[in-house]
1. Could you work out what % of the accessible surface of the chain is carbon and sulfur, using a 1.4 angstrom probe and leaving DNA, RNA and ligands out of the count?
2. Starting from the Kirkwood Rh over alpha-carbon pairs, what translational D in µm² s⁻¹ does region 199-322 have by Stokes-Einstein at 37 °C and 0.692 mPa s?
3. Order LYS2, LYS265, most accessible first, counting only protein heavy atoms with a 1.4 angstrom probe.
4. Between HIS115, HIS105, HIS276, where does the largest GNM mean-square fluctuation fall for the chain, given springs only between Cα atoms within less than 10 Å?
5. Under a 10 Å cutoff between Cα atoms, tell me which one of ALA72, ALA143, ALA212 has the largest fluctuation in the Gaussian network model of the chain.
6. Pull up all non-local amide H partners of THR69: gap of 5 or more, or a different chain, and H-to-H distance under 5 Å with H placed in the peptide plane.
7. Taking a probe of 1.4 Å, how large is the accessible area per residue of region 19-158, in Å²?
8. For region 112-262, state the average projected area of the convex hull of the C-alpha atoms over all orientations, rounded to one decimal in nm².
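The values are calculated or read from the model by the stated rules, or taken from the named source; none is laboratory data. Here the structure is a predicted model, which means the values were calculated and not measured. Glycine gets a Cβ as well: all are built from the backbone with ideal geometry, and neighbour counts include every protein chain shown. Ligands, DNA and RNA are stripped out before the accessible areas are found, and what is left, the full protein with its side chains, is counted by its heavy atoms. Shrake-Rupley method; radii C 1.70, N 1.55, O 1.52, S 1.80 Å.
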Amino acid sequence: MKLTISRESLLIPLQSIAGVVEKKQTMPVLSNVLLEADDNTLTLTGTNMEVELVGRVSPVHVDQPGRITVPARKLSDICRALGDEAPIDLALEGDRLHVRAGNSHFTLSTLPAEHFPNVEDEPESFRLELPQKELGRMFDATAFAMAQQDVRYYLNGLLLEVDSGHVRTVATDGHRLALAHFDMETGCPEARQVIVPRKGVLELARLLDDEASPVTLVIGDNHLRATVGSYTFTSKLIEGKFPDYNRVIPRGGDKVVLADRSTLKNTLQRAGILSHENIRGVRLNLSPGQLEVFANNPDQEQAEDALPVDYQGESLQIGFNVGYLIDVMNALDDAQVKVTLSNPNSSALIEAENDNGCMYVVMPMRL
């Protein structure tokens, strides 16, 4: 294999693929990136057996086609450290890859391309095209609520639901729930639900731009495949049954509070400084026209704060994990936030004042 490529053309896909490749691997080849040069195109592939990312660069001057795997992070670090002036020459000589640019020369170890695992192909069951901007918005609005290492493995991911008129993303860790939807004609004859693992969600979100150009999603029984520009991303799906999110969304709350989102977020952050560092509890006292926030900790320290709100109902005292509330404030981008409550033992429903297709449910705490 022998080829010449500009630094920028190689560095951009390498950095994306290095994010997929785990630092510590049980199989040495999984720390490598697969390079395939042919027909004036260089294809780069990285995988951790759960997700796979393929990037294509063309045109590339290929003198000699070939396939080999090299350490992903080392090649990425080398490209980042080189200057833009000189093109990069990659040449496979024996079992070493030589990287030359200007006066710089690096020799990298390799492993045979045959050792590199491929994500198996499977028949697609449904294909969907939607704007990158919208899928990115839905991921941003919900991914923070995914569980991290829950024994209920189906919570360590994001539900992607497609029916004839909507695409939805839903995430929950058992204490809070985030839902976002996008209205569009999908052509999906019956509702489909798949659970994308946490790593897959975070890596795919990185590829999405804030633009209207489409991302193509191919949903199979065991994999989700996304095509974004010159990248093809594949993720295994989590087997299991996601909780019925409709049963979690509280209905019929009679206490509706309108507040300035930025002011509420700042008030919660200030009070949260003196909350118990493990349970992060704060108490909210709601009364007509005002919301008071209280926090204390085992060191007998306490915080009290208040903000004006648009509310004309009965008084209510209720406790929450302050981190969960702040996460919701960060996910919303409206100036005004609407909080619907019913009693101290019922979850809060939080939305933007002007419906933006997102809703959040936060369970209360006993304090």
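1. Numbers: 8100 of 17750 Å².
Its accessible area is 46 percent carbon and sulfur atoms.
2. On the way: Rh = 18.7 Å.
Here the translational diffusion coefficient equals 176 µm²/s.
3. Working: LYS2 95, LYS265 50 Å².
Sorted by accessible area, descending: LYS2, LYS265.
4. Maximum fluctuation in the GNM of the chain, among the listed residues, is at HIS105.
5. The residue with the greatest mean-square fluctuation here is ALA212.
6. So THR69 has HN proximity to LEU35, LEU111, ALA113.
7. Details: 7220 Å² over 140 residues.
Ligands and nucleic acids excluded, the result is 52 Å² per residue.
8. Working: hull surface 48.1 nm².
Seen from a random direction, the Cα hull of region 112-262 projects 12.0 nm² on average.
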